[in-house]
Amino acid sequence: MSKVVTSELSLSKTGSKPVWRTYLALTKPKVVALMLLTALVGMCLALPDALPIQQALLGLLGIGLMAGSAAAYNHLIDQKIDAVMARTFKRPLPSGDIQSSKVFMFATSIGVVGFVALYMGVNKLTAWLTLFSLLGYAVVYTMYLKRATPQNIVIAGLAGAMPPLLGWCAVTGELHAHAWLLVMIIFVWTPPHFWALAIHRKDDYAKAKIPMLSVTHGVEYTKTSILLYTVLLSIVCLLPVLVGMSGIIYLVISSVLSAGFIYSAWQLKYYQDEKSAISTFKFSIYHLMMLFIALLADHYLM
């Protein structure tokens, strides 16, 4: 009997893929990892001294589990769309690796565990804010905004921008203005990040009848929007320095990163080739990651 159970836990129904890999894929681990980095930076910037280890670990665990839960609900809700898009048809649900009922149970279970970890082990405010973020992404964005307006990612960007505030709140129990600056950075970063992907996958989104900006307003309009947003982002990235939150290390690194993002958007707008859009998309990921690492380095070294 134990051998049968072990076999079921280690292999998918095709017998070729470990089940844990299927469940891990549902959580979008790379996205969650980036979110946890920004949450950790929020924690570190909130305190002048060392972090309270237990509170920080439980905070990251709860935020990570609830972010993974939101991602799994996204897989569940978008499975029909995913099935017709070249970028997503191999995801666990469209590929038949797992049943919808199991995804629902998994998403709900890790969401509840994450909420309890935050509510009991961190503080109530962080728990509720994280839950609202989960609902904002999984319900408001995935079920409604994504299908309703080309400004979907702009409006819903706040839900994905919350991790630094959640991290800050986890170790302080308060909503500080500096934490909201970190949210603003991610909020402004999100549209050019996703619109670059929307250009690269325009035909996919059109086939799935998703009104991304590149589908409804055309590629040229979207490229212009990306360029303008990268300029706006470069200004927003200076705010931590202007309010005395960060110093010279962050200023230098953020300026270089902003220049790189603007240059990439400029290349996309005026010298586009078939790889320009996906290159801009990939650069945006490294931009955000390095930006928050710069905030962390400046905090401890300066």
### Message
Please pick out the residue among Val231, Val243, Val219 that is modelled with pLDDT of 95 or more and either touching a helix residue (DSSP H, G or I) at 6+ places or on another chain (Cβ under 8 Å) or not assigned by TED's automatic domain parsing to the domain that holds Asp78 (or both).
### Response
Val231
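Residue-by-condition table, conditions (1) over 17 Å from the mean Cα position of the chain (by Cα); (2) part of a helix (DSSP H, G or I); (3) among the hydrophobic types (A, V, I, L, M, F, W, C):
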site	(1), (2), (3)
Leu166	no, yes, yes
Cys169	yes, yes, yes
Trp180	no, yes, yes
Val188	no, yes, yes
Ala196	no, yes, yes
Lys209	yes, no, no
### Task
Kindly indicate which of Ala159, Ala138 is farther than 22 Å from Ala179 by Cα, of a type outside the set (D, E, K, R), in a helix (DSSP H, G or I) and in the same structural domain as Lys28 (by TED's automatic domain parsing).
Ala138
#### Entry: Criterion violated by Asp82 - all others in (1) in contact (Cβ under 8 Å) with a residue 24 or more places away in the chain; (2) touching a helix residue (DSSP H, G or I) at 6+ places or on another chain (Cβ under 8 Å) satisfied
(1)
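Would it be correct to say that Ser264 is more than 27 Å from Leu40 (Cα to Cα), touching a residue at least 12 places away in the same chain (Cβ under 8 Å) and hydroxyl-bearing (Ser, Thr, Tyr)? Step through it out loud before you land on a result.
Working: more than 27 Å from Leu40 (Cα to Cα): yes; touching a residue at least 12 places away in the same chain (Cβ under 8 Å): yes; hydroxyl-bearing (Ser, Thr, Tyr): yes.
Judged against the criteria, Ser264 is a match.
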### Query
Assuming Gly167 fulfils every condition listed in (1) among the small types (Gly, Ala, Ser); (2) touching a helix residue (DSSP H, G or I) at 6+ places or on another chain (Cβ under 8 Å); (3) surrounded by fewer than 22 Cβ atoms within 10 Å (Cβ to Cβ) apart from one, which condition is it?
(3)
### Query
Where residues in region 170-208 are touching a residue at least 24 places away in the same chain (Cβ under 8 Å) and of a type in the set (Lys, Arg), which of them is surrounded by the fewest Cβ atoms within 10 Å (Cβ to Cβ)?
Lys207
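Can you pull out the residues in region 87-132 that are of a type in the set (Gly, Ala, Ser), within 30 Å of Lys207 (Cα to Cα), free of Cβ contacts under 8 Å to residues at least 60 places away in the same chain and in a helix (DSSP H, G or I)? Lay out the reasoning, then the answer.
The first filter runs over region 87-132 and keeps only residues of a type in the set (Gly, Ala, Ser), leaving 95-96, 100-101, 107, 109, 111, 114, 117, 121, 127.
So of that shortlist, the ones also within 30 Å of Lys207 (Cα to Cα) come out as 95-96, 100-101, 107.
Add one more test, that the residue is free of Cβ contacts under 8 Å to residues at least 60 places away in the same chain, and what stays is 95, 100-101.
Scanning region 87-132 gives Ser100, Ser101.
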### Query
Looking only at region 85-99, which residues are among the small types (Gly, Ala, Ser) and in contact with a helix residue (DSSP H, G or I) (Cβ under 6 Å, 6 or more places away or on another chain)?
Ala86
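In region 233-268, what count of residues is obtained for those that are assigned to a helix (DSSP H, G or I) and out of contact with any Phe, Trp or Tyr (no Cβ under 7 Å at 6 or more places or on another chain)?
From region 233-268, those assigned to a helix (DSSP H, G or I) are 233-236, 239-242, 248-268; that's our starting set.
Narrowing further to those that are out of contact with any Phe, Trp or Tyr (no Cβ under 7 Å at 6 or more places or on another chain): 234-236, 239, 242, 248-259, 262-263, 265-268.
Adding up the residues that qualify gives 23.
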### Task
Go through Leu57, Leu65, Leu26, Leu45 for me and flag whichever is over 19 Å from the mean Cα position of the chain (by Cα) and crowded, with 21+ Cβ neighbours inside 10 Å.
Leu45
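The values are calculated or read from the model by the stated rules, or taken from the named source; none is laboratory data. Just so you know, these numbers come straight off a predicted model, no measurement behind them. Every residue, glycine as well, gets a Cβ built from its backbone with ideal geometry; the counts of neighbours run over all protein chains shown.
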